[in-house]
């Protein structure tokens with residue numbers, strides 16, 4: 001399976017790459033021995049409002065390391081929180 005992502009610098013990447021259902025079924029039966037695909041999805045911000053330590057992100061990564069999902073999708077605010085904290089001193 002190929003990892004595909006949209007860089008943060010682009011507001012919208014246009015048409016997103018897709019995988020046909022038949023391709024996913026083939027992958028599941030041949031590469032995953034029929035096991036279900038596990039997906040973990042999380043939405044940021046990944047910091048607390050009071051600091052930039054990324055403790056919530058570290059906790060999320062610990063869960064991902066323990067659960068070992070086939071795919072981890074991270075979405076959400078990352079830079080906006082940083083800018084507000086830096087501007088606020």
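The values are calculated or read from the model by the stated rules, or taken from the named source; none is laboratory data. Bear in mind that the values here come from a model prediction, so they are computed numbers and not experimental data. Heads up, the Cβs are rebuilt from the backbone with ideal geometry, glycines too, and the neighbour counts pull from every protein chain shown.
Among the criteria (1) over 15 Å from residue 76 (Cβ atoms); (2) in a loop (DSSP other than H, G, I, E, B); (3) free of Cβ contacts under 8 Å to residues at least 12 places away in the same chain, the one residue 48 does not fulfil is (1).
Within the stretch 64-83, if we keep just the residues that are surrounded by 13 or more Cβ atoms within 10 Å (Cβ to Cβ) and part of a helix (DSSP H, G or I), the residue that is modelled with the highest pLDDT turns out to be 64. Looking across the stretch 1-30 at every residue that is outside any helix (DSSP H, G or I) and surrounded by 10 or more Cβ atoms within 10 Å (Cβ to Cβ), the one that is modelled with the highest pLDDT is identified as 19. Selection over the stretch 31-45 of residues that are touching a helix residue (DSSP H, G or I) at 6+ places or on another chain (Cβ under 8 Å), farther than 26 Å from residue 76 by Cα and surrounded by 10 or more Cβ atoms within 10 Å (Cβ to Cβ) gives a count of 1.
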